[in-house]
Amino acid sequence: MSRQCISLLLSTAMLTGLYGAQAEAASGLTYSLRAKQQVFYTEQLSSQDISLTVAMQIAEDPGTAGINAAFGADAPLEIRGLSFAEPYCYGSGRAGEEDQCRVTSPQSARLLWYTSNNGANEVIYDEALPFAILTVVIPQGTPAGEYQISFDSAETDACNQDRELLSCTLEDLTVTVLEGKPDYLRGDADGNGTVEVADAVEVLQYCAEAAAGQTPDQSYVWLCGADATENGTVEVADAVAILQYCARTLVEPNPQW
């Protein structure tokens, strides 16, 4: 879902404290909210909360010098954390100033920086990195439906070092919760439609990452398929079960688990 915000509201601090009087709106940019996973299942949420990482990306930036960002989420989803990627707390020659980056709540933050002394519209963001990171909790028991994680258009804005407001396009994120469990093939960890040795390898890699203290990033569909023993946990025993199943396929076409 996207919407246009052309006439934006900048905070008094941003307009008068840093730039002075408001100018006419200048060329625009795009803010978007993105997440690696957007589809979840009621079975998945029947016994646990899910913490979702949402990235705010910037595109078509003509050279911003200050941004306010504010977010909201449909109930029962809850925004519990907000942080900035490291480059966005830096300005040309003035890195680390306390007033440049301020998180006022889990839903709201303000970032100011300064362009180079020659007055050029210096773009200091990296399109490959998110501007901000939101931590959104989908609570246990969330019913099936569609839920918006969105920008507050009245509080989200940007301007450049020439004191011009930047028009912007805001692209919200829709999270979908489906009833029940996904369709999956037991033992098919890589999701290619067959159970084979490669699936056992995937499970072992997952277990190795978990044992090293990492948090393997896998979808619920992957976890359902990888849990060959169907005990609710992906572990080495699942890889063993997959290998045993593959061995039985050599002598019978459709062996039982």
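Each value in this text was obtained by applying a stated rule to the coordinates, not by laboratory testing. If you're wondering where the values come from, they're calculated on a predicted model, not measured in any experiment. Cβ atoms come from the backbone with ideal geometry, glycine included; neighbour counts cover every protein chain shown.
Structural remarks
- Calculated FRET value between residue 148 and residue 183, using beta carbons and R₀ = 22 Å, to 0.05: 0.25
- Among 184-193, 212-221, the order from most to least packed when residues are scored by Cβ within 10 Å on average: 184-193, 212-221
- In this calculation the C-beta distance from residue 215 to residue 162 is compared with R0 = 35 Å, giving a FRET efficiency of 0.20.
- Positive-pole candidate from 220, 184, 243, dipole of region 182-257, charges at beta carbon: 243
- Evaluated with a Cβ-only charge set (Lys, Arg +1; Asp, Glu -1), region 189-245 carries a dipole of roughly 40 debye about its Cα centre, given to the nearest 20.
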